[in-house]
1. For E131, indicate whether it is surrounded by fewer than 16 Cβ atoms within 10 Å (Cβ to Cβ) and of a type in the set (D, E).
2. If you go through segment 1-33 one residue at a time, how many are hydroxyl-bearing (S, T, Y) and either in contact with a Ser or Thr (Cβ under 9 Å, 6 or more places away or on another chain) or assigned to a loop (DSSP other than H, G, I, E, B) (or both)?
3. In segment 230-247, which residues are surrounded by fewer than 16 Cβ atoms within 10 Å (Cβ to Cβ) and either of a type in the set (A, V, I, L, M, F, W, C) or farther than 18 Å from P174 by Cβ (or both)?
4. Just to be sure before I move on: is L122 in contact with a Lys or Arg (Cβ under 7 Å, 6 or more places away or on another chain), in contact (Cβ under 8 Å) with a residue 60 or more places away in the chain and of a type outside the set (S, T, Y) in the structure I sent?
5. Looking at R209, is it of a type outside the set (A, V, I, L, M, F, W, C) and either surrounded by 15 or more Cβ atoms within 10 Å (Cβ to Cβ) or in contact (Cβ under 8 Å) with a residue 24 or more places away in the chain (or both)?
6. Got at least one residue in segment 153-175 being at pLDDT below 90 and surrounded by 22 or more Cβ atoms within 10 Å (Cβ to Cβ)?
7. Could you list all residues from segment 190-204 that are touching a residue at least 12 places away in the same chain (Cβ under 8 Å) and buried (at least 17 other Cβ atoms within 10 Å of the Cβ)?
8. Take the conditions among the aliphatic types (A, V, I, L, M) and more than 28 Å from R11 (Cβ to Cβ) and apply them to A123. Does it pass?
Amino acid sequence: MDLWQLQIFCRVVETRSFSKAAEGVRLSQPTVSSHIKDLEDHFGCALIDRLSRQAVPTQAGELLYRHALRLLALRDEIEAVMARYQGKTLGRLTVGGSTIPGGYLLPPIVGRFQKRHPGVTLALVVADTGEILRRVLEGGLELGVVGAAPRERQLVHEVLVTDTLRLVVPGDHPWASRREVPFALLRNEPFILREEGSGTRQAIEEALRRAGFGVGDLRVVAEMGSTEAVRQGIREGIGVSILSTLAVREDLAAGRLAALRVEGLALTRHFHLVRHRQRTPAPLALEFTAFLKESLKLRRPEAA
């Protein structure tokens, strides 16, 4: 067993695919399969089940994955510390982002940071809020940016920026030209809801709770596992939903979708920077955090 094999194994788990993992590490698929087989021989148990078209970790594989993430993160931290000692900004940092910050807010900032520090490899992991928080807790991610404040006491968080949520409807919807609708109208409209664990869903539930309502007061016709799926569902006329304006910016500009307020609902939330309370930040993580905060200060709010 070596770190390279563990890195390949983690890539297989994350992509759920031997072929995609092979593309990511620039190896042939048979070579990736051989490395996984070596790990299974080393531990004496199956780590990956080949189910239909997916590669799914076994229970032993899930256990190895959690510990491998911590070991790889420590490797990256060691490389960054030693580079910093020599006056260089080098190394690898893996940052997590929940769906909205990971898909729309962080990518341009990550790109600018890497242009400034070409010796740095900065990986961005995008998943729902619950998954990003779990990975920070387990040590696989040093930093996470999520759309809901964590409840876990082991996690430290701070507000980075405010996000604006709006009721999003098709561009030809009868409400499309309105600025605001009362909740009494919304509760009778087909509604698309994000899945459990989504920061967007948590923000909607909190806004409803503050207004004296709940998800049960909405006519939910579908639950979808990504913002992109919800966006497509709205465009196809399945229903309306509440989304970040960041996620539908291009559709709003093109008139394909329209965004409006819901009377009585405070549809704003914060994006939080999260790290583990007991983990000493690596120099590279501190440098990226400073760059991230400065970038967000210079960024004009979308519609806050």
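1. It is false that E131 is surrounded by fewer than 16 Cβ atoms within 10 Å (Cβ to Cβ) and of a type in the set (D, E).
2. Total satisfying the criteria: 2.
3. Q232, the sole residue that qualifies.
4. no
5. No: the conditions fail for R209.
6. no
7. F191, I192, L193, R194, G197, S198, G199, T200, Q202, A203, I204
8. In short, no.
The values are calculated or read from the model by the stated rules, or taken from the named source; none is laboratory data. Note that the structure is a prediction, hence the values are computed from the model and not measured. Glycine gets a Cβ as well: all are built from the backbone with ideal geometry, and neighbour counts include every protein chain shown.
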